[in-house]
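Structure first, then comments.
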Amino acid sequence: QVLLEESGGGSVQAGGSLRLSCAAPRTIFSVTTLGWYRQAPGEQRESVARIHISDTTFYADSVKGRFTISRDNAKNTVYLQMNNLKPEDTAVYYCNIYPSHPRYWGRGTQVTVSS
């Protein structure tokens, strides 16, 4: 199993910001769309944002205008800048290819937003 390593989560108050990072093996980083997903307690995992190798980006309506996905090809890393965080953004955040594949799920990083 190939794991992608997420980091950067934490606890913030509503309105705060966090930047998540995901290091991916170069074998997949350079050839595919990468995405950020999240899973809140009791909820299904959902796609939050994705970025194509051409840097084209897509966002879920719930985060549009607040989250920005980007990639650093030199570091094989994809980022998720999260601004104006809301309590409903509380979840474990994961990165994976898009569409997701079971072999690439990592441990995720917890984001907790308090009101």
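Bear in mind that the values in this text are calculations on the coordinates, not laboratory data. None of these values were measured; they are calculated from a predicted model. No Cβ is skipped: glycine too gets one built from the backbone with ideal geometry, and neighbour counts run over all protein chains shown.
Overview of values
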| item | result |
| --- | --- |
| Net charge of neighbours whose Cβ lies under 15 Å from the Cβ of Lys64, counting Lys and Arg as +1 and Asp and Glu as -1 | 0 |
| Two-site FRET efficiency, Arg19 against Ser54, from Cβ-Cβ distance with R₀ of 30 Å, rounded to 0.05 | 0.85 |
| Positive-end extreme of charge dipole, the chain - chosen from Thr77, Pro99, Thr57 (charges on Cβ) | Thr77 |
| Charge sum, other residues only, whose C-beta stays under 14 Å from Ala49's C-beta, Lys/Arg counted +1 and Asp/Glu -1 | +2 |
| Förster radius 41 Å - calculated FRET efficiency between Arg26 and Glu46, Cβ distance, rounded to 0.05 | 0.90 |
| Sorted peptide list for 78-84, 42-48, 89-95, 66-72, criterion being average Cβ within 10 angstrom, highest first | 89-95, 78-84, 66-72, 42-48 |
| Total formal charge among the other residues, if their Cβ is under 13 angstrom from that of Ser17, Lys/Arg +1 and Asp/Glu -1 | +2 |
